[in-house]
Amino acid sequence: MAKNTICLWYEKDAEAAAQFYADIFPDSSVRAVHHAPSDYPSGKAGDVLTVDFTVLGIPCLGLNGGDTFKHSEAFSFQVSTEDQDETDRYWDALVSNGGEESVCGWCKDRWGISWQITPRILTEAIAAGGAGAKRAFDAMLEMKKIDIATIELALRGDRSKAET
């Protein structure tokens, strides 16, 4: 058992969410499903209460706690991607299953969990600082899903595609 586990509150779909993440991301799995031993404020005895799972190696606990609390962008998973295919695969899986696009590489899944699908080249460009970092950052501000080709053009100072 991990010493520190991220607990994610779901209205009632912790098991479905955990399985969805396990199907999308490598090093992800559903480890255990626990049922309520008795009735509780948002459910009945025998309902799925918690789900132990991992997302990209991070231990998580999904709690079916009812509709009391909602997710916000104050918590997100940031997923580093190596290329456009990986970026597209994760983004499209999260958004196309009832999620929604946001800006600057952020999206939400259908349960309201926020995700940052961030190509490594963008993170490295911003960390490097300087004019290239500013151009890459400014290009990112115009995007929803990150387009690596546009970031690469911005890094080189080629404004032709970065401004479109």
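Would you confirm whether or not the stretch 87-99 contains a residue that is touching a strand residue (DSSP E or B) at 6+ places or on another chain (Cβ under 8 Å) and polar (S, T, N, Q)?
The answer is yes, given that some residue of the stretch 87-99 is touching a strand residue (DSSP E or B) at 6+ places or on another chain (Cβ under 8 Å) and polar (S, T, N, Q).
Within the bounds of the stretch 135-153, is there any residue that is more than 18 Å from Asp83 (Cβ to Cβ), among the small types (Gly, Ala, Ser), out of contact with any Asp or Glu (no Cβ under 7 Å at 6 or more places or on another chain) and open to solvent by 20 Å² or more (accessible area, probe 1.4 Å)?
no
Give me the pairs, please: first residue somewhere in the stretch 39-58 and touching a residue at least 24 places away in the same chain (Cβ under 8 Å), second residue anywhere and surrounded by fewer than 19 Cβ atoms within 10 Å (Cβ to Cβ) and of a type in the set (S, T, N, Q), beta-carbon distance under 6 Å, and either six or more positions apart or on two chains.
Thr54/Ser29
Can you work out which of the residues in the stretch 76-102 that are among the small types (Gly, Ala, Ser) and free of Cβ contacts under 8 Å to residues at least 24 places away in the same chain is nearest to Ile24 (Cα to Cα)?
Per the stated criteria, the residue is Ser96.
Name the single residue, out of those in the stretch 12-26 being touching a strand residue (DSSP E or B) at 6+ places or on another chain (Cβ under 7 Å) and of a type in the set (D, E, K, R), that is nearest to Asp67 (Cα to Cα).
Per the criteria, the residue is Lys12.
Take Ala14 and tell me if it is farther than 24 Å from Lys108 by Cα, surrounded by 14 or more Cβ atoms within 10 Å (Cβ to Cβ) and not acidic (Asp, Glu).
Judged against the criteria, Ala14 is not a match.
Restricted to the stretch 84-123, and to residues that are of a type in the set (Asp, Glu) and touching a helix residue (DSSP H, G or I) at 6+ places or on another chain (Cβ under 7 Å), which residue is most open to solvent (accessible area, probe 1.4 Å)?
Glu101
Just checking, does the stretch 48-58 include any residue being in contact with a helix residue (DSSP H, G or I) (Cβ under 6 Å, 6 or more places away or on another chain), of a type in the set (Phe, Trp, Tyr) and more than 17 Å from Leu122 (Cα to Cα)?
There is at least one residue in the stretch 48-58 that is in contact with a helix residue (DSSP H, G or I) (Cβ under 6 Å, 6 or more places away or on another chain), of a type in the set (Phe, Trp, Tyr) and more than 17 Å from Leu122 (Cα to Cα).
Can you name every residue in the stretch 8-38 that is without any contact (Cβ under 8 Å) to a residue 60 or more places away in the chain, in a strand (DSSP E or B) and within 20 Å of the chain's Cα centre (by Cα)?
Ser29, Val30, Arg31
Go through the stretch 39-59 and give me each residue that's in a loop (DSSP other than H, G, I, E, B) and polar (S, T, N, Q).
Hit for the stretch 39-59 is Ser42, nothing else.
The values are calculated or read from the model by the stated rules, or taken from the named source; none is laboratory data. Fair warning: this is a prediction, and the values are worked out from it, not measured in the lab. For neighbour counting, all protein chains shown are included, and Cβ atoms are generated from backbone atoms with ideal geometry for every residue, glycine included. Calculation scope for accessible area: heavy atoms of the full protein, side chains included, ligands and nucleic acids excluded. Shrake-Rupley method; radii C 1.70, N 1.55, O 1.52, S 1.80 Å.
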